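Everything below concerns the one structure shown next.
What follows is calculated from the coordinates using simple rules that are stated; it is not laboratory data. Computed from a prediction, not measured in an experiment: that's the story for all the values here. As a convention, Cβ positions derive from the backbone with ideal geometry for all residues, glycine included, and neighbour counts pool all protein chains shown.
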Amino acid sequence: MIYFDHNATTPMLPEARQAWLDATEKFIGNPSSPHRVGSRADVAITEARQRLAEFLGCDALDIVWTSGATESNNTVLHHFARTLPLDTEVWVSAIEHPCVMVSTKHYFPKRHRLIPVTRGGSVDLNWLTEEIAHARPGLVAVMAANNETGVLQPWREALAICKQWAVPFFCDAAQWIGKLPANGFGECDFLSGAAHKFGGPKGIGFLKCPAKGRVEPLLRGGPQEEGRRAGTENVAGILAMLAALDAREALFSTDEHRKRVEWRKAFEKRVVSDLPRSEVVGAGQERLWNTVSALMPEADSQQRWVVKLDKLGFAVSTGSACSSGKEEPSHVIAAMGYSPREARRVLRFSSGWETTEDHWNALLEGLQKVQRGMKG
C-alpha cells in the first residue's frame, strides 16, 4: 500500500520508536515523585521542554505537555471561555480544524465570528485589519497551514495585526511543524502541535502558552505542568516526539522539501491535463510541499474514488480525518466559495518525507486507471 494520507497521521519514525523504547526502560518513574527515579524522569522531560522551546523560539516554561493538538486547542478555548468578559467575542478563521471549530461553537455559541478566506483558501487579512479596528475580540485564531488544502496561512501577518491591537493570538500549527521550520512560532501567544503529524507517536502533543499569568486547565486533579494540565506526563511519548522533531528539523538544512514541491507541482499539472474537469484547490497559493486537494471529474463520487484507489493499493482521503464519514461537505471547501456539489468531488493526497517521486507517478497512473474504469 502506498500511503498518501500523512496529514491524517504519519508512520512513526525509527528514531522516535527507539527513543520511546529507551525511555520506557530508563525512565520508569512518575516525574512528580520525590525519589531519584522520579527525579530522573522529570529531568528528561525538562530537557525535552527546553529543546522544543529552542525550536519554537520561546521560553521553556511556556510549554505544556498534552495528549495532542485536539486537547491543546480545547484547552485554549476553555481558558478564554473562563476568563473573558461575557460580552467579548472570539474570532476564528472559517477554515480551522474541526476541533477548533466545534470547541468555539461549544464555548462561544453566540459570541464568535468566522474570519473569511479568499477563493484561494487564505485568510482575508484585509477583513481582519478593518474589523479589528472597530471591534476588539478577546482572541483571534488562525491556523498555520490548512489540513485539507495545504494552503499556508498568513499567520505572521495576522499575529502582527493582533499585536498592534493587543489581542491574544492563537495558532494551530499541527500541519506545519515537521514539514516546515518551527522557528518563529514562539511569538504566538498560544500554539498547538501534535507528534503524530511528523513521525512521532500518537497521544502526545504540546500547548505553548504564556508562562506568566494563570491558564485555566481543561484537566484538573493534580499540580503537574505548573498547574496548567493535570495528569502524569507521558515521558516516553515526549522523548519520542522530540526525537522525531529533531530528525525532521535536520532536513531543513538541505533542499529536500523544495525538491518535493517540484514533485507535487508535476503531479498537479498532469492531473489537470489528464483528468478532464479536475481542478487543484488552492492552485497558485503557497502550500505545503506534501498536500494536493483536487476536485475529481465525477460528481458525488468521493467514496468511489477512495475505494477504487484503495483496491489499487493507494491510501487517500476526502479531507480531514476528524470529519470524514459525515454527509455534509467540507466546511473548508465551502468557505472558499465552492458549491456543495463541487465540495463532494474533492480528494486529498498528502505525502510524507519518505514518499518518492515514483510514488507520485504511480498515484497518477492509479487515478488514470480509475478514470478509465468509470468511463467504461
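So how far apart, in nm, are the two label points at Thr46 and Asn361 if each is 7 Å from Cα heading toward Cβ?
So the label points at Thr46 and Asn361 sit 5.3 nm apart.
Using amide H atoms built in the peptide plane, which far-off residues or other-chain residues are under 5 Å from Ala145 H to H?
For Ala145, whose amide H was placed from the backbone, the distant partners under 5 Å are Gln153, Gln175, Trp176.
Tell me, what is the percent relative contact order of the chain, built from C-alpha pairs under 8 Å that lie six or more residues apart? Present the calculation step by step, with values, prior to reporting the outcome.
Details: 715 pairs, mean separation 86.6, N = 376.
Relative contact order comes out at 23 percent.
For the chain, list the DSSP H helices whose alpha carbon atoms reach 15 Å or more along the long axis and whose average Kyte-Doolittle value is 0.5 or above?
235-250
Show the residues, 5+ positions off or on another chain, whose built amide H is closer than 5 Å to the amide H of Phe314.
Answer set, sorted by chain and number: Ile2.
So if I restrict to the alpha-carbon atoms in the stretch 134-239, what is the Rg, and what is Dmax, the biggest pairwise distance, in Å?
15.0, 48
Whole Å is fine, so just give me how far the alpha carbon centre of the stretch 3-44 lies from that of the stretch 237-315.
One Cα centre to the other: 29 Å.
If packing is taken as the mean number of other Cβ atoms within 10 Å per residue, what is the order of 181-188, 138-145, highest first? Display every interim value, and only then the final one.
On the way: 181-188: 18.9, 138-145: 25.0.
Those peptides, ordered most packed to least, come out 138-145, 181-188.
With n ≥ 4 as the cut-off for DSSP H runs, can you work out [θ] at 222 nm for the chain, using -39500 (n - 2.57) per run divided by the number of residues, rounded to the nearest 500? Don't jump to the answer; show the numbers that get you there.
Details: 12 runs with 150 residues, N = 376.
After summing the helix terms and dividing by residue count, I get -12500 deg cm²/dmol.
Nearest 5 is fine: what % of DSSP beta bridges in the stretch 14-251 come out antiparallel, could you say?
The answer is about 45 percent antiparallel.
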